[in-house]
Amino acid sequence: MRRLKEFVLQKIVLLCGVASILFVALIFLFLVKEGLNVFKAVSPSHFLLGRSWYPISEPAQFGILPLILGSLLVTAGATVISVAIGVACAVYIAEVARPAVRETLKVGIELLAAIPSIVLGFIGMVTLVPWVKKIFHLPTGLTALSGSIMLAFMAMPTIVSIAEDALHAVPRSYKEGAYALGATRWQTIHRVILRAASPGIAAAVMLGIGRVIGETMAVMMITGNAAVIPHGILQPVRTLTATIAGEMGEAAVGSEHYYALFAIGTLLFVISFGINVTADLLLHKRRS
Amino acid sequence: MRNPRRTEKIAFFFLFLATALIVLPVGLIVVSIVRKGLPAISWQFLTDIPREGMRGGGILPAIVGTLYLVLGAIVFALPIGLFAAIYLSEYAKDNVLTRIIKLAIVNLAGVPSVVYGLFGLALFVVFFRFGASILSGSLTLGIMVLPIIITASREALESVPQAFREVSLSLGASKWQTIRHVVLPNGISGILTGTILGLGRAAGETAPILFTVAAFYHPQLPRSIFDQAMALPYHLYVISTQVPNVGDKMRYGTALVLLGLVLIMNSVALVVRFRFRKRHRW
């Protein structure tokens, strides 16, 4: 009897263990199942490289190139800002700050990670957007730049905490060796520690980018949502995520528009899958 | 020749500057929401339904909706997450299957929130015919917070010393008795921390509930899990972008209630973790 109970429990535990695989597979399956239908209406190359996104006009046009470029532009801007500041902050927390300061800063970073994206979007809308409009004398502050700044903030907790872990994992002996050779703390940091931690930092950057590409609400509220090919960072753009969030409410289940939005979701899933697998490999390399 | 001491000072100054650039705005954001939101908070604001086209009245249906959703998500995700953590920490061998499970968890954590929304729409709303309902929304949020619960619980269970298990097994306890009476009680704080963090995440997300449950305006409390419901994050989105001329007071007030809810959960998690660290030193 007892053995039977053990056996059943073990199977339940195993089942829950593999549930994660099941869910990832289910997500992919349902996205693809719905998304592939769009190719009855438009060819894959027209879908990915088409320059016009007019999903509800007659005839409808489903070219997502402007959306891809919008996502890329906002992400590139956010990456530039968040990587420089995020990695510097991680170095400060891991190597420079005193222990008491370090703990306080970590709580601050966790606080930022905890703020819901809709709240950050709201604050961005009422503060950042008017500033951008005023500083650059623009007709509207709802631009790719505003989105980049806001998204940089959302990527920073990810980048800082993972990069800090990577810096911590550098063996003490490396540091002591550098000090013994007469290096200053800064020389040790940028010639020894940063180099030793570089795979982990690269993973941190990748996961930060993953966070930025997938971010939806804040970006929808402050980038202006103009589905046109962007010509600069001071123009309104629309991202892949914002398109789904903004239009799915109006798309009828089973319509071409509905399928097109699922195809965009599939693309986002594939991008995030690629980023996560690569980052995981980088982190794994560090450990072995 | 360059002076290495001076270079170090300049470098450290820039590192400090970068840190301040992150931490100061966070402080400013929180302070400004509290300062502008606090005047809106009143008994009426918290317990009344929205009135005057959401420009007045209260936000009770949104608060209740969010509580239902979060509760539903945890009821679904905690058992699965906990068992998955037990599997990884107590049963899994270092093989390909374990590697794939870990990779799946990492990927689940990285899926964009709006993609969860699509998935929930396709699977729960349309395929299972649950419709836009609390059930669909809770299940979608539950899958989203699963990786948070698994990761935190697994770390908690793995931090229980191996010797505890060996003693229990040597006394004749079975594997499951050891897990149930030795490993779980010693890892409970970490599991609790992970669960609360998951709750906070579920409470704050908007994109996954957009098409699975959220109602634009639904001025009554939900009666069953098949009802649509309002939710705090979506309500904030609606009154700040969809409805014109909503006063600052309403918007900041809603933002403050949502932020407060999430931050309280995170603080509780922080305290649990801190007390746990102090109590257990093995």
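Throughout, read-outs are computed from the coordinates displayed, never taken from laboratory work. Computed from a predicted model, the values in this text were never measured in an experiment. Every residue, glycine among them, receives a Cβ derived from its backbone with ideal geometry; neighbour counts consider all protein chains shown.
Which is farthest toward the positive dipole end of the stretch B:1-158 among B:141, B:96, B:109, measuring Cα position about the Cα centre, with Cβ charges +1 (Lys, Arg) and -1 (Asp, Glu)?
Toward the positive end, the furthest listed residue is B:109.
Can you give the FRET efficiency for residue B:14 and residue B:224, using 1/(1 + (r/R0)^6), R0 = 56 Å, r = Cβ-Cβ distance, to the nearest 0.05? Write out the running numbers ahead of the final one.
Details: r = 57 Å, r/R0 = 1.02.
So the FRET efficiency works out to roughly 0.45.
If each of residue B:43 and residue A:270 carries a label point 7 Å out from its Cα toward its Cβ, how far apart are those two points in nm?
That separation, rounded to one decimal, is 5.9 nm.
Calculate the mean, over all residues of peptide B:9-20, of how many other protein chain Cβ atoms lie within 10 angstrom of the residue's Cβ.
For peptide B:9-20, the averaged partner shielding equals 6.
Among all the aspartates and glutamates, which ones have a C-alpha under 12 Å from residue B:36's C-alpha, if same-chain residues fewer than 8 places away are not counted?
B:248
Please get the size of the charge dipole for the stretch A:206-288, origin at its Cα centre, with Cβ charges of +1 on Lys and Arg and -1 on Asp and Glu, quoted in debye to the nearest 20. Provide the component values of the computation, followed by the final result.
Details: 5 positive and 5 negative charges, 112 e Å.
Computed charge dipole of the stretch A:206-288: roughly 540 debye.
What are the ³J(HN,Hα) values, in whole Hz, obtained from phi via the Karplus relation 6.51 cos²θ - 1.76 cosθ + 1.60 with θ = phi - 60°, for each residue of the stretch A:24-30 in sequence order, with x given for Gly and Pro?
4, 5, 4, 4, 4, 4, 5
Indicate the gyration tensor shape class of the stretch B:48-102 (rounded, prolate or oblate), computed on the Cα atoms with a ≥ b ≥ c the square roots of the eigenvalues: a/c under 1.5 is rounded; otherwise a/b larger than b/c is prolate and the rest oblate. Write out the running numbers ahead of the final one.
Working: a/c = 8.42, a/b = 4.16, b/c = 2.03.
Here the stretch B:48-102 falls in the prolate category.
Hey, what's the Cα Rg ratio for the stretch B:61-279 versus the globular rule of thumb, 2.2 N^0.38 Å? Display every interim value, and only then the final one.
Numbers: Rg = 19.7 Å, N = 219, 2.2 N^0.38 = 17.1 Å.
The value comes to 1.15.
At 25 °C and 0.890 mPa s, what whole-number value in µm²/s does Stokes-Einstein give for the translational diffusion of chain A, with Rh from the Kirkwood sum over Cα pairs?
Details: Rh = 21.5 Å.
Using the Kirkwood radius from Cα pairs, D works out to 114 µm²/s.
Normalised by the empirical 2.2 N^0.38 Å for globular proteins, what value does the Cα Rg of the stretch A:1-113 take? If you can, show how the numbers build up before the last one.
Working: Rg = 24.6 Å, N = 113, 2.2 N^0.38 = 13.3 Å.
In units of the 2.2 N^0.38 Å rule of thumb, it is 1.86.
Which order, highest average first, do B:159-165, B:115-121, A:217-223, A:109-115 follow once you tally other Cβ atoms within 10 Å for each residue and take the mean per peptide? Provide the component values of the computation, followed by the final result.
Working: B:159-165: 13.7, B:115-121: 27.7, A:217-223: 29.6, A:109-115: 20.7.
Top of the packing list down: A:217-223, B:115-121, A:109-115, B:159-165.
Counting other C-beta atoms within 10 Å, which of B:273, B:55 has the fewest, and how do the rest follow?
Neighbour counts put them in this order, fewest first: B:55, B:273.
According to the square roots a ≥ b ≥ c of the eigenvalues of the Cα gyration tensor, what is the shape class of the stretch B:1-157, taking rounded for a/c under 1.5, prolate for a/b larger than b/c otherwise, and oblate for the remainder?
Oblate, since a/c reaches 1.5 and b/c is not below a/b.
Return the FRET efficiency for the residue pair residue A:135, residue B:24: r is the Cβ-Cβ distance, R0 is 22 Å, and the value is rounded to the nearest 0.05.
Values: r = 19 Å, r/R0 = 0.85.
Efficiency for this residue pair is about 0.70.
What order do you get for B:227, B:248 when you list them from fewest to most C-beta neighbours inside 10 Å? Intermediate values should be presented prior to the final figure.
Values: B:227 19, B:248 13.
Fewest-to-most ranking of B:227, B:248: B:248, B:227.
Could you work out the helix-only [θ] at 222 nm for chain B, with each DSSP H run of four or more residues adding -39,500 (n - 2.57) and the total divided by the number of residues, to the nearest 500 deg cm²/dmol?
Numbers: 12 runs with 190 residues, N = 282.
Calculated mean residue ellipticity at 222 nm is -22500 deg cm²/dmol.
Rg and Dmax of the protein assembly as shown, using alpha carbons, in Å: what are they?
Rg and Dmax of the protein assembly as shown, Cα atoms, are 24.4, 81 Å.
For A:168, A:231, B:235, what's the fewest-to-most ordering of other Cβ within 10 Å of each Cβ? Spell out each step's value before the answer.
Details: A:168 14, A:231 10, B:235 29.
By the 10 Å Cβ count, ascending: A:231, A:168, B:235.
In the stretch B:145-186, whose amide N lies under 20 Å from the spot 7 Å out along Cα-to-Cβ of residue A:6? List them in ranges.
The answer is B:162-185, whose backbone nitrogens lie closer than 20 Å to the label point.
Over the Cα atoms of the stretch B:18-85, what Rg and Dmax result, in angstrom?
Both quantities, over Cα of the stretch B:18-85: 18.1, 48 Å.
Read phi for every residue in the stretch A:151-158 and hand back ³J(HN,Hα) as whole Hz from Karplus 6.51 cos²θ - 1.76 cosθ + 1.60, θ = phi - 60°, with x for Gly and Pro.
Along the stretch A:151-158, the couplings run 5, 4, 4, 6, 7, 4, x, 4 Hz.
I'd like the distance between the alpha-carbon centres of the stretch A:113-154 and the stretch A:225-288, rounded to an integer number of Å.
20
For chain A, what's the relative contact order in percent, using C-alpha pairs closer than 8 Å and at least 6 residues apart?
Numbers: 383 pairs, mean separation 77.1, N = 288.
About 27 percent, as a whole number.
Okay, helix-only estimate at 222 nm for chain A: each DSSP H run of n ≥ 4 adds -39500 (n - 2.57), divide by all residues, round to 500 deg cm²/dmol; what do you get? Working shown, then result.
Numbers: 13 runs with 198 residues, N = 288.
Mean residue ellipticity, 222 nm, calculated: -22500 deg cm²/dmol.
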